[in-house]
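Worksheet: the structure to be examined is printed underneath.
The values are calculated or read from the model by the stated rules, or taken from the named source; none is laboratory data. The model shown is predicted, which means the values in this text are computed figures rather than measured ones. As a convention, Cβ positions derive from the backbone with ideal geometry for all residues, glycine included, and neighbour counts pool all protein chains shown. Heads up: the accessible areas ignore ligands, DNA and RNA and are worked out on the full protein's heavy atoms, side chains in. Shrake-Rupley method; radii C 1.70, N 1.55, O 1.52, S 1.80 Å.
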2 protein chains.
Amino acid sequence: MKDRKQLVVSAIKDGTVIDHIPAKALFKVIDILGLDHIEDQITFGTNLESKKLGKKGIMKLSGVFFKQEDLDRIALVAPDVKVNIIRDYEVVEKKVVEIPEIIKGLVKCVNPMCITNKEVVRTKFELLSRHPVSLKCHYCEKITDANNMVIISSR
Amino acid sequence: MKDRKQLVVSAIKDGTVIDHIPAKALFKVIDILGLDHIEDQITFGTNLESKKLGKKGIMKLSGVFFKQEDLDRIALVAPDVKVNIIRDYEVVEKKVVEIPEIIKGLVKCVNPMCITNKEVVRTKFELLSRHPVSLKCHYCEKITDANNMVIISSR
């Protein structure tokens with residue numbers, strides 16, 4: 001058992017812990033996972049010290065278990081997260097996330113003339129590269145990359 | 001000292017604790033206070049059991065102290081929050097929040113024809129009533145109330 005001072009947010013009995021979220025991406029991860037609509041107990045910590053990331057965020061979701069495809073959506077903004085599945089206070093599974101090959105409705109197309117920016121059409125991209133992120137629009141074929149990527153809020 | 005199991009997010013040495021946030025308003029409070037831009041350590045808990053509110057949220061902001069006028073802005077979505085100012089792990093001040101008489105740039109005017117919805121003009125309202133909330137637009141004089149109030153995200 002860790003010392004309480006180290007444990008910024010308390011342990012959960014069953015659920016999902018997402019750790020090593022870059023601090024700047026925490027609220028984007030919250031958006032992508034739609035956590036503002038979840039009615040289960042959730043705790044977050046952000047701007048915690050991390051040797052690897054500088055500042056990191058962590059979240060613990062009590063009684064919440066995600067599908068791998070939903071978790072993979074956060075890889076766009078937080079590719080190095082560690083996801084632990086907890087049962088009866090123990091880690092029973094460790095997961096990683098990976099940007100999917102096809103990304104639907106999560107990222108805005110960089111091209112202002114793209115049909116997805118002109119009409120109510122859900123965006124769709126093909127993944128060209130993971131490091132750094134590079135996405136090709138299914139409709140206009142323009143490339144959206146890490147530098148100009150805008151996440152579409154679920155709200 | 002409370003039992004660790006009750007303390008969902010750990011105590012802070014110095015800073016601000018905002019408690020009794022209605023769970024549904026937590027992310028709006030985060031928006032209004034601009035917490036996604038703060039680089040200090042913040043912890044949140046939401047959907048915690050509360051006898052009074054049903055489900056509540058709490059946040060603890062280490063090293064962060066707000067001006068009363070900034071805190072008052074959250075009264076629109078979380079009028080009954082309890083704000084505790086912490087110094088050296090002790091509560092040194094308890095604050096309440098109150099909706100200001102003039103509200104600038106926080107709420108969308110309900111009138112789609114209002115100039116604030118047609119052009120890039122910051123909204124401005126006069127407070128008519130706190131319980132329930134009723135706001136009169138400075139420009140078009142239409143009434144925006146609790147039922148149709150939309151918070152303008154800071155993001």
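Observations on the structure shown:
- Formal net charge of residues neighbouring residue A:141 (Cβ-Cβ distance under 13 Å; K, R +1; D, E -1): +2
- Accessible area of segment A:12-63 belonging to carbon and sulfur atoms, whole % at 1.4 Å probe: 50 percent
- Summary of packing: across the peptides B:123-129, A:91-97, the per-residue average of other C-beta atoms within 10 Å ranks them, highest first, as B:123-129, A:91-97.
- Near residue A:55, once Lys and Arg are set to +1 and Asp and Glu to -1 for all other residues with Cβ below 14 Å from its Cβ, the sum equals -2.
- Per residue value of the accessible surface for segment B:1-82 (all protein chains in place, 1.4 Å probe), Å²: 46 Å²
- For residue A:151, net neighbour charge (Lys/Arg +1, Asp/Glu -1) across residues whose Cβ lies under 9 Å away: +1
- Per-residue average of Cβ from other chains inside 10 Å of B:30-39: 3
- Once divided by 2.2 N^0.38 Å, the Cα radius of gyration of the protein assembly as shown becomes 1.08.
- With bins 10 Å wide beginning at 0, the percent of Cα pairs of chain A falling in each bin runs 11, 37, 32, 16, 4, 0.
- By average C-beta atoms within 10 angstrom, highest first, the peptides B:141-147, B:41-47: B:41-47, B:141-147
- Our compactness index for segment A:54-100, the C-alpha radius of gyration over the empirical 2.2 N^0.38 Å, is 1.18.
- With each label modelled as a point 7 angstrom along the Cα→C-beta vector, the residue B:85-residue A:147 pair spans 4.6 nm.
- P(r) tail, segment A:80-123: Cα-Cα pairs separated by more than 15 Å, 62% of all pairs.
- Computed over protein heavy atoms with a 1.4 Å probe, the carbon and sulfur contribution to the accessible area of segment B:103-144 reaches 53%.
- Translational diffusion coefficient (Stokes-Einstein; Kirkwood radius from C-alpha pairs) of segment B:77-155 at 37 °C, 0.692 mPa s, in µm²/s: 233 µm²/s
- Interface size, chains B and A: roughly 2300 Å² of accessible area buried, both sides included, 1.4 Å probe, rounded to the nearest 100.
- Inter-part distance where segment B:65-108 and segment A:27-88 are each reduced to a Cα centre, Å: 28 Å
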